[in-house]
Ligand SMILES: NC(=O)c1ccc[n+]([C@@H]2O[C@H](COP(=O)([O-])OP(=O)(O)OC[C@H]3O[C@@H](n4cnc5c(N)ncnc54)[C@H](OP(=O)(O)O)[C@@H]3O)[C@@H](O)[C@H]2O)c1
């Protein structure tokens, strides 16, 4: 019997998961905000990015829910929470969804250091399978990009790239994790298992490095060439060192060697030179569009490091300076101010 799967949030990541789960034979439903329902009733167009050019794929025939309460009364096997960390605050909808979906596995994809505590307040930790997304997805065309190399000259759609050797990784109860991985692999989405202690020891550090890189890139005007300058790489290194130390202190875990290595200026400069040539998408516009879209999530993540650092008496100067540099641009025009005290960011 096929799995019954609910994907929450039909943005970039949600569409890619939903599409592959359906390709693998799962019965897929989407839980979306009412504002997105009409467009999704038309079906989705996705562009699979490959070195030899994009492949257009259509996805239709899914059920659409517009409120967590509508999930009640159906036996769900898996629920994918494909929204940003900012969407968990407040978590009223998550609490309602956790109640409405019984014992279904919750595939929890939010990256910020304090997200899991929110999830386990409302869902039995046994139900959670933690996930780290291994692909890139974005709304195409990207702002300011006029060549159609990521969408085959076609209509707008969701472009996605599955980088070789970069499966999405999942950790949790063995049976539940295996079921998630099987469902994704059947649909052609690379997925692999990590043991929960390795996942917990790696992903918070990877996210700290990512935020240090992206926030510095933003402060450098979203220019990869500018970021390669010594001045910016030095700031990036200082922010990464502070963030990694804070994460290490908070989780009482050692900083993985890989996390220190990737923030080494030599390694970073080489990566910055190579990356645009290797990835089959307009990298700089993607980074700018994606991390502006999830800017509130990154800002919350950096603020959490700063708050944890201050509480532990650890240095936070570089973090505070970077937050001050990116603060106005991180708040998307017209969006409400972030809730709660955010003293440094
Ligand atoms: N895209 C990537 O390449 C990528 C790669 C790795 C990791 N990630 C991570 O994946 C997460 C999602 O990113 P994304 O790129 O998919 O963002 P996205 O395109 O903005 O998709 C999120 C979707 O969830 C919707 N949403 C928010 N709250 C909701 C709720 N309570 N119920 C139902 N729908 C809700 C949003 O609607 P509104 O826009 O109307 O709020 C949006 O459509 C982020 O944590 C991101 O950092 C993304």
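Coordinate-derived values only; no laboratory data. Just so it is clear, the structure is predicted and the values come from calculations on it, not from any experiment. Quick reminder, even Gly has a Cβ in these numbers, built from the backbone with ideal geometry, and neighbours come from all protein chains shown.
Worth pointing out:
- For q = 0.08, 0.10, 0.15 Å⁻¹, Debye-computed log10 I/I(0) when each Cα of the chain counts as one equal scatterer: -0.38, -0.61, -1.44
- Taking every C-alpha pair closer than 8 Å and separated by at least 6 residues, the mean separation divided by the residue count of segment 199-330 gives a relative contact order of 33 percent.
- Packing-based order for 6-13, 114-121, 289-296, using average beta carbon neighbours within 10 Å, highest first: 6-13, 289-296, 114-121
- For the pair segment 1-59 and segment 246-273, the centres of their Cα atoms are 34 angstrom apart.
- For q = 0.10, 0.11, 0.16 Å⁻¹, Debye-computed log10 I/I(0) when each Cα of segment 199-330 counts as one equal scatterer: -0.30, -0.36, -0.78
- Modelled label reach - residue 317, point 7 Å along Cα→Cβ, segment 242-283 residues with backbone N closer than 15 Å: 242-243
- Highest mean packing comes first when the peptides 186-198, 151-163 are listed by Cβ atoms within 10 Å, giving 151-163, 186-198.
- Beta bridge orientation in the chain: antiparallel %, DSSP, nearest 5: 35
- Annotation for segment 137-178 versus segment 286-331: alpha-carbon center distance of 25 Å.
- Burial order of peptide ranges 224-231, 130-137 (average beta-carbon count within 10 Å, highest first): 130-137, 224-231
- For segment 96-161, the antiparallel share of DSSP beta bridges with both residues in that region comes to about 60%.
- Of all DSSP beta bridges confined to segment 4-194, the antiparallel ones make up roughly 35%.
- Here the contact order of the chain, divided by its residue count and restricted to Cα pairs under 8 Å and six or more residues apart, works out to 15 percent.
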